[in-house]
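Beneath this line is the structure, given in structure tokens, with notes to follow.
The values are calculated or read from the model by the stated rules, or taken from the named source; none is laboratory data. Given the structure is predicted, the values throughout are model-derived calculations rather than measurements. Counting neighbours? That spans all protein chains shown, and the Cβs are built from the backbone with ideal geometry, glycine included. We work out accessible area using only protein heavy atoms, side chains counted, and drop any ligands, DNA or RNA first. Shrake-Rupley method; radii C 1.70, N 1.55, O 1.52, S 1.80 Å.
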Amino acid sequence: MNKNMLALALIAAGAAAPALSMAAQPGDGAFVSVQAGQSRLQGMSASNDTDTGYGMDVGYRWAVSPMAQVGFEVGYLNQGTFADNYLGSRVTAKVSGAKAGVNAKFNFTPNWFLMVQGGYFNAHNKVGVQSGGLSYSDSKTKGTWYSGVGFGYDFTNNTSLSLNYNYMDDKYNDQGTHLDLSSNQVAVRFEARF
């Protein structure tokens, strides 16, 4: 048993040695970003269909060329709270959730870049209805998708600022109530790289 464990440990160490000895390439690295901007509910024509949205991402990118990096990201988005009056009832919806996906950054000059992102969005919806003296609220979590594109400027090798457009696909269905809570956001994004 001990000989097998020793052999397995030596094989694992041998297999890991090349990966551990590889140095990071220029452009490789972790990042943290924060964003805030105007969110708009797309699917429901609400009288109050805009709100301030915000989010945060962490991730890692690998350089695939001197001007392009590809990587992954995980984060959180809060699109805001939206409200509407419908057939004498007040309907509110809050859209937020965690996300995990891929992103790519393409510099077309040393400072100016285009960024694209997309992936899985774990939408958490809180819906409320008030009618007269009665009220109803519900909360649902559902897997769906998100995508985005941004145009920005690298101030240094480690910081950038961009203007981003994000879209979250989100449908709410419960006991005959169908709401399209899909939303978009135009936001300013600050990114720090390590």
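Pick from region 161-185 the residues that are hydrophobic (A, V, I, L, M, F, W, C) and within 16 Å of THR81 (Cα to Cα): which of them is modelled with the lowest pLDDT? Don't jump to the end; show me each part of the working.
At the first step, the residues of region 161-185 found to be hydrophobic (A, V, I, L, M, F, W, C) are 161, 163, 168, 179, 181.
Of the ones still in play, those that are also within 16 Å of THR81 (Cα to Cα) are 168, 179, 181.
Details: MET168: 87, LEU179: 73, LEU181: 78.
Top of the filtered list is LEU179.
Suppose we filter ASP169, ASP180 for residues that are over 27 Å from SER33 (Cβ atoms), open to solvent by less than 60 Å² (accessible area, probe 1.4 Å) and of a type outside the set (A, V, I, L, M, F, W, C); which single one remains?
On the way: ASP169 fails: over 27 Å from SER33 (Cβ atoms).
Of ASP169, ASP180, the one residue that is over 27 Å from SER33 (Cβ atoms), open to solvent by less than 60 Å² (accessible area, probe 1.4 Å) and of a type outside the set (A, V, I, L, M, F, W, C) is ASP180.
Within region 73-88, work out how many residues are open to solvent by 30 Å² or more (accessible area, probe 1.4 Å), of a type outside the set (A, V, I, L, M) and within 10 Å of the chain's Cα centre (by Cα). I'd like the intermediate steps shown before the answer.
We begin by selecting, within region 73-88, every residue open to solvent by 30 Å² or more (accessible area, probe 1.4 Å); these are 74, 76, 81, 85-88.
Next, only the ones that are of a type outside the set (A, V, I, L, M) stay: 76, 81, 85-86, 88.
Narrowing the set further to residues that are within 10 Å of the chain's Cα centre (by Cα) leaves 76.
Looking only at that region, the number is 1.
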Item to check | Residues that are among the hydrophobic types (A, V, I, L, M, F, W, C), touching a Leu at 6+ places or on another chain (Cβ under 9 Å) and open to solvent by less than 70 Å² (accessible area, probe 1.4 Å), drawn from region 126-157 | outcome: VAL127, VAL149
Checklist entry - Based on what the data block shows, is PHE190 open to solvent by less than 20 Å² (accessible area, probe 1.4 Å), part of a strand (DSSP E or B) and within 29 Å of VAL58 (Cβ to Cβ)? => result no
Item to check | Qualifying residue in region 110-118 (condition: under 23 Å from GLY29 (Cβ atoms), under 14 Å from the mean Cα position of the chain (by Cα) and open to solvent by 30 Å² or more (accessible area, probe 1.4 Å)) | outcome: yes
Next on the checklist: Checking the condition more than 19 Å from PHE194 (Cβ to Cβ) and either open to solvent by less than 40 Å² (accessible area, probe 1.4 Å) or not small (Gly, Ala, Ser) (or both), which residue from VAL91, VAL70 passes?
Outcome noted: VAL91
Next on the checklist: For region 135-166, give me the residue count where each residue is under 24 Å from PHE194 (Cα atoms) and among the hydroxyl-bearing types (Ser, Thr, Tyr).
Outcome noted: 5
Item to check | Unmet criterion (only one of (1) open to solvent by less than 50 Å² (accessible area, probe 1.4 Å); (2) closer than 18 Å to PHE31 by Cβ) for SER96 | outcome: (2)
